[in-house]
Amino acid sequence: MNSFLRSLSTTQQIGALFLVVFGVLSLVTIWAFVRGLRETPAGDADAAAARKAKGRRLRGLLQTSWAMATVFWVGWVLGDTAATVLFALVAFFALREFITLSPTRRGDHRSLVLAFFVVLPLQFVLVGTRHFDLFTVFIPVYVFLALPVVSALANDPQRFLERSAKLQWGIMVCVYGMSHVPALLLLDFPGQEPGRGAFLVFYLVLSVQTCMVVQHLLGRRFPHQPVAPAVSQSFQWASWLAGVAVGGLVGGLLSFITPFKPGQALGMALLACTAGSLGHLVMKALKRDRGVTSWGMQGQSVTGAGGLLDRVDALCFAAPVFFHSVRWYFGL
């Protein structure tokens, strides 16, 4: 089997990978559907409520998995340029969710136009043209300085620091973080066949998502004292360490689809899982500050789906750390 896979071209290998992913998701979805058809014993209201809650969490997890797998598949099928545009759209809607749940004033309108229609496109243009050194500093250096200047010129000093920080946070997470995902697709390693970036993205997403799922399930199944109960009831040191460890192990086992040796793959996965899970905690703190449990309004986001930013927030934190660590370690 291993020799057969090695005999396939890169395109055929990636196609086979997506076949496996969609096959597994289909089997799990069918199982969840059949499981949901089971009848709850009459009069057992508590059991029915608990089952419905578990069903909603499972459906939410499956919807997230299907959405992410579909986005990555469409991006791969359409090619590098289309993939970059696709992730730019994801960043646009994620930023829109972030800003929608954050109060703005008239003095912010120019900065918002600049963020959505200048900064975001330019960032992804830099990615698509492989200007990696410039795209690395464009937002945290140049945009960081430019946006407050534009807001100051609007002559509205009320809560100026809070408003500026809110917009800068949204751009850093939703635009800067997300832009590193298509950048991974474009990385070329010496001695490796071009076009294998899709494997690197798959490795990152699967490792981080495994970490998040294990952390969530263990936190619910074996509850301990939360680290920050006002922010998250499910973030506990034991479940977090277990999630990072399992996510790292998955990354180590996936070393055969990456340019990494097993030890390198394990280390990179541990780093990505740590960044993603802690970033997810930070985003929960921001949601608590805004008084919401989801970036979607009452379970429905401004995109019409259930909280797009909730689905990609861990990836937005993990991708930059992973991308720059890979470039630094391998001298790319």
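Per-structure values
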| quantity | calculated |
| --- | --- |
| Failed item in (1) touching a Lys or Arg at 6+ places or on another chain (Cβ under 7 Å); (2) without any contact (Cβ under 8 Å) to a residue 60 or more places away in the chain, with residue 107 passing the rest | (1) |
| Residue list for segment 59-106, filter: open to solvent by less than 40 Å² (accessible area, probe 1.4 Å), at pLDDT below 80 and part of a helix (DSSP H, G or I) | 60, 62, 64, 65, 67, 68, 69, 72, 75 |
| Selection count, segment 124-141, where residues are in contact with a Leu (Cβ under 9 Å, 6 or more places away or on another chain) and open to solvent by 60 Å² or more (accessible area, probe 1.4 Å) | 2 |
| Helices (runs of 4 or more DSSP H) wholly inside segment 154-238 that include at least 3 residues being open to solvent by 20 Å² or more (accessible area, probe 1.4 Å) and over 25 Å from residue 271 (Cβ atoms) | 160-170 |
| Condition met for residue 222 (over 27 Å from residue 144 (Cβ atoms) and in contact with a Leu (Cβ under 6 Å, 6 or more places away or on another chain)) | no |
| Criterion (in contact with a helix residue (DSSP H, G or I) (Cβ under 7 Å, 6 or more places away or on another chain), hydrophobic (A, V, I, L, M, F, W, C) and in contact (Cβ under 8 Å) with a residue 60 or more places away in the chain) met by exactly one of 132, 144, 124 | 132 |
| Filter result for residue 16 (surrounded by 11 or more Cβ atoms within 10 Å (Cβ to Cβ), at pLDDT below 70 and among the aliphatic types (A, V, I, L, M)) | no |
| Evaluation of residue 289 against (1) open to solvent by 40 Å² or more (accessible area, probe 1.4 Å); (2) closer than 18 Å to residue 101 by Cα; (3) at pLDDT 85 or above; (4) in contact with a helix residue (DSSP H, G or I) (Cβ under 9 Å, 6 or more places away or on another chain) (one fails), failing number | (4) |
| Every residue from segment 70-99 that is of a type in the set (Val, Ile, Thr) and farther than 17 Å from residue 168 by Cβ | 70, 71, 74, 77, 81, 84, 85, 90 |
| Cross-chain or 6+ apart pairs with Cβ under 6 Å, segment 74-90 first and closer than 16 Å to residue 187 by Cβ and aliphatic (A, V, I, L, M), then modelled with pLDDT of 75 or more and open to solvent by less than 50 Å² (accessible area, probe 1.4 Å) | 83/182; 83/185 |
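The values are calculated or read from the model by the stated rules, or taken from the named source; none is laboratory data. Source: prediction; values computed, not measured. With ideal geometry, Cβ positions are generated from the backbone for all residues, glycine too; neighbour counts draw on all protein chains shown. These accessible areas exclude ligands, DNA and RNA; they are computed on the full protein's heavy atoms, side chains included. Shrake-Rupley method; radii C 1.70, N 1.55, O 1.52, S 1.80 Å.
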